[in-house]
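Data block below; observations after.
The values are calculated or read from the model by the stated rules, or taken from the named source; none is laboratory data. Everything numeric in this text was worked out from a predicted model, so none of it was measured. Using ideal geometry, Cβ is built from the backbone for each residue, glycine included, and neighbour counts are taken over all protein chains shown. The area values use the complete protein model at the heavy-atom level, side chains included, leaving out ligands, DNA and RNA. Shrake-Rupley method; radii C 1.70, N 1.55, O 1.52, S 1.80 Å.
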Amino acid sequence: MPPSPLVVPATALPAARLARVMAASSGSGGAAPRRVRRGKPGFSRRSAIKKSFHQEQVVFSTPVPADPTVAVIGGGASGLACASAPSSSTRFVDGGEHLVFDHAAQLFTASDERFQRLVDEWLDRGLVREWSGLIGELEAGGRFSPMPSSTPRYIGVNGMRSLADAMLPETDMIKVARPCWISKLEPFNGLWRLFENEKPRGEYDAIVIAHNGKCANRLLSTSGLPLLTRQMKRLQLSSVWALLAAFEDPLPIPHNDSHGVFEGAFVRDVDSLSWMGNNTRKLFPMQMGTPECWTFFSTAAYGKRNKVPQENIPKITAEKVEEDMLGGVDHALGLSKGSLQQPIYTRVQLWGAALPMNTPGVPCIFDPLGRAGICGDWLTGSSIEAAILSGTSLANHIANYFVSHGERPEEFAIGLHENLNQVEGHDIGQFPGIDSQKPQVAQAQKPLVAQAQLTPSI
């Protein structure tokens, strides 16, 4: 789920001006979607991939300037050395009632001391707080079991969007462009030219791809960066549906004296449902007498079977997904079919490139010959922590490359040839420190969050 915009502190890239070019859309980011013509003579997806792998490698031999610039393309969770939830990861709805939903990242944990230091700073600034509400596993039929946690659970105060907005640094060293759909990369005279539908978007000494999926693949396919292209196209991504629903009355949540009422649950044995979270109790625990706003996520298997273009979801599909997921809520809570109260507000959202299913287990990827890199949670897992550590690792890597004046490029190649291995985790991501009562489907062959080979400046 995709992941969310935040920018690296200026100190993380000494002697560099950062230019961040971010997609305002919560979905795929990076290049405006376009329709592919079917049946074009000589065209096939396989041949297109083969051609993209056999691009001529861009090699920059010009000296690194004293005041280099970096363009970061994408609105993903990594950014460049810092991250936040997507700019639309918290949805506010006001139609007589003030409804607030986290419809992307639901919570996060910290298992790495570097990330924990950043979280402590967020706590001091009042950007995040601990979520002490009850969460656990809900089996079909209403059987709820609390999940033990060896680490605090964190949420953005008033939602994840407020965290992202508050963290955007105010500095002349960083320029944020939103909305902006970068559709083309072009090397020219030792610089990278960026275009938005043929409109020039600046020239930069280095570029970072901070998103993934089909738009990133399309952007890289003619870039002259075959090694980055190959690694990006090896990535496999899940699809997950989100349903936002507000109810006039509280849902009939199963509880007893020892557990109380849960605020979030990983759902098991329900095909159309993997998570249900009560945003109202999570974000505003003292608020009474208002509608309950719930976020429901489908399973990845359901998302795959019902995947459509997320930029243009057919009405009939949206209606089917809503019906299926509300039926899943019935099943999960042990209610008879159709007995759940009708919501007063609903909205469905498809995360077409939700979470990585495989990972190379490296904190970042960098091609020193083309002065281009990739960061993102998918490089080590599927969590906010992984995203931030990836971004900070790449920021420091590029900084070290700049300090070297590009004189020993072979020493700065990283992540260009690693194989990708299966990722362990829930259908909505990884939460280090939260212990499931049942084993996960897949075991990762790489560490959950790889210790960065470069020291992030957090």
* To do: Give me a count of the residues in the stretch 141-197 that are modelled with pLDDT of 80 or more, open to solvent by 30 Å² or more (accessible area, probe 1.4 Å) and of a type in the set (Val, Ile, Thr).
  => 1
* Go through the residues of the stretch 357-372 one by one and say whether even a single one is over 27 Å from residue 228 (Cα atoms) and in contact with a Ser or Thr (Cβ under 6 Å, 6 or more places away or on another chain). => no
* To do: Considering every residue within the stretch 407-419, establish whether at least one is under 17 Å from the mean Cα position of the chain (by Cα), open to solvent by less than 10 Å² (accessible area, probe 1.4 Å) and under 14 Å from residue 231 (Cβ atoms).
  => no
* **Number of the exception - residue 200 against (1) open to solvent by 20 Å² or more (accessible area, probe 1.4 Å); (2) modelled with pLDDT under 85** => (2)
* Given (1) closer than 28 Å to residue 417 by Cβ; (2) assigned to a strand (DSSP E or B); (3) open to solvent by 10 Å² or more (accessible area, probe 1.4 Å), where does residue 366 come up short, assuming only one miss? -> (3)
* Quick check: anything in the stretch 290-301 closer than 24 Å to residue 429 by Cα and surrounded by fewer than 18 Cβ atoms within 10 Å (Cβ to Cβ)? -> yes
* Matching strands (runs of 3 or more DSSP E) fully within the stretch 235-320 where at least 1 residues are over 30 Å from residue 421 (Cβ atoms) -> 240-247, 275-278, 292-297
* Structure fact -> Scanning the stretch 58-79 for residues that are touching a Gly at 6+ places or on another chain (Cβ under 8 Å) and among the small types (Gly, Ala, Ser), the one modelled with the lowest pLDDT turns out to be 77
* Asked: Can you name the residue in the stretch 254-272 that is over 22 Å from residue 155 (Cα atoms) and open to solvent by less than 50 Å² (accessible area, probe 1.4 Å) and is also modelled with the lowest pLDDT among such residues?
  -> 254
* To do: Check whether at least one residue in the stretch 244-261 is aromatic (Phe, Trp, Tyr), within 30 Å of residue 67 (Cα to Cα) and in contact with a strand residue (DSSP E or B) (Cβ under 8 Å, 6 or more places away or on another chain), and report yes or no.
  => no
* How many residues does the stretch 94-128 hold that are at pLDDT below 85, loosely packed, with under 15 Cβ neighbours inside 10 Å and either on the phi < 0 side of the Ramachandran plot or touching a strand residue (DSSP E or B) at 6+ places or on another chain (Cβ under 6 Å) (or both)? -> 4
* To do: Check residue 427 against each of (1) open to solvent by 30 Å² or more (accessible area, probe 1.4 Å); (2) under 21 Å from residue 231 (Cβ atoms) and name the one condition it does not meet.
  => (2)
* Within the stretch 225-233, is even one residue open to solvent by 30 Å² or more (accessible area, probe 1.4 Å), of a type outside the set (Phe, Trp, Tyr) and more than 30 Å from residue 198 (Cα to Cα)? -> no
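For the structure I just gave you, tell me whether residue 354 is crowded, with 23+ Cβ neighbours inside 10 Å, in contact with an Asp or Glu (Cβ under 9 Å, 6 or more places away or on another chain) and either part of a loop (DSSP other than H, G, I, E, B) or charged (D, E, K, R) (or both).
On the way: crowded, with 23+ Cβ neighbours inside 10 Å: yes; in contact with an Asp or Glu (Cβ under 9 Å, 6 or more places away or on another chain): yes; either part of a loop (DSSP other than H, G, I, E, B) or charged (D, E, K, R) (or both): yes.
Judged against the criteria, residue 354 is a match.
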* Only one of these conditions is not met by residue 347: (1) assigned to a strand (DSSP E or B); (2) of a type outside the set (A, V, I, L, M, F, W, C); (3) buried (at least 18 other Cβ atoms within 10 Å of the Cβ). Which number is it? -> (3)
